[in-house]
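**Student:** One structure coming up, written as structure tokens, with questions to follow.
The values are calculated or read from the model by the stated rules, or taken from the named source; none is laboratory data. Fair warning: this is a prediction, and the values are worked out from it, not measured in the lab. Note: ideal-geometry Cβ built from the backbone for every residue, glycine included; neighbour counts use all protein chains shown.
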Amino acid sequence: MEEMANRIADIRQRIEVAAQKSGRTGQDITLVAVSKMVADDAVQQAYDLNIRDFGENRVQELTRKMHSLPQARWHLIGRLQTNKVKDVVGKACLIHSLDRWGLAEEINKRGRNLGIKVPVLVQVNISGEDSKTGLPADDVNEFLASAGELAAIQVLGLMTIAVQDSDPETSRPIFKELAALKNSLVGKKDSNVDLKYLSMGMSQDYEVAIEEGANMVRIGSALFK
């Protein structure tokens, strides 16, 4: 517990410093602890140390861990298959990975059946890597216009995954581009689109992401060692 407490304190301090560089404070940043392949007791420890948001890549693990720690806020951060939508809508507090129109329609359909609005982030493939999913940056404006007409979806922001590199500066241009894209779209007036979140940055580059405007970071290995 003490080791995890020290890691969390270090992460919080780094978040604070990075946030101040971009004219904000650590309170403006949501830390999502990525609990993929992490034992339940370690997740419980993190919760006991005041971590409240957790992210899972797989729907099955998300739903299982939600049962063991229902008081936490659970995010789905991995790619969502359309046949798994029924298992996550109404359970995850935020879906980070809306990356295609067919998925938007399926989420909307499930949300309407449940009588709820489903909070999502649109995933954008800024790096252009074939291995990563997400919309091309040039398609986001049109996608948001169409998604805004889906009554059971609430688009709350954008998400991206940067290149995997030991040098966090490699990610900076990607983060800068997504932040510029968000800023260019933030004035869009639609009851179903409110771009208040910018989810970018992971264990190796979250400080750079925050410096470039992220207000939601997804941290796994730096927290759960």
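**Student:** Could you please find all residues in segment 12-37 being crowded, with 18+ Cβ neighbours inside 10 Å and over 18 Å from the mean Cα position of the chain (by Cα)?
**Tutor:** Within segment 12-37, just ALA18 meets the criteria.
**Student:** Return the residues of segment 144-160 that are among the aliphatic types (A, V, I, L, M), outside any strand (DSSP E or B) and out of contact with any Asp or Glu (no Cβ under 9 Å at 6 or more places or on another chain); say none if nothing qualifies.
**Tutor:** Of everything in segment 144-160, those that are among the aliphatic types (A, V, I, L, M), outside any strand (DSSP E or B) and out of contact with any Asp or Glu (no Cβ under 9 Å at 6 or more places or on another chain) turn out to be ALA151, ALA152.
**Student:** If you don't mind, another one. Looking only at segment 1-37, filter to residues that are acidic (Asp, Glu) and farther than 18 Å from GLN204 by Cβ; which one of those is modelled with the lowest pLDDT?
**Tutor:** Result: GLU2.
**Student:** Going through segment 178-221 one residue at a time, which ones are touching a helix residue (DSSP H, G or I) at 6+ places or on another chain (Cβ under 6 Å) and among the small types (Gly, Ala, Ser)?
**Tutor:** Scanning segment 178-221 gives GLY201, ALA209, GLY213.
**Student:** Can you tell me which residues in segment 66-122 are among the acidic types (Asp, Glu) and either under 25 Å from GLN44 (Cα atoms) or under 18 Å from the mean Cα position of the chain (by Cα) (or both)?
**Tutor:** ASP87, ASP99
**Student:** Looking only at segment 142-169, how many residues end up being at pLDDT 95 or above and among the polar types (S, T, N, Q)?
**Tutor:** Result for segment 142-169: 2.
**Student:** Pick from PRO173, PRO168: which is free of Cβ contacts under 8 Å to residues at least 12 places away in the same chain, over 16 Å from the mean Cα position of the chain (by Cα) and surrounded by fewer than 20 Cβ atoms within 10 Å (Cβ to Cβ)?
**Tutor:** PRO173
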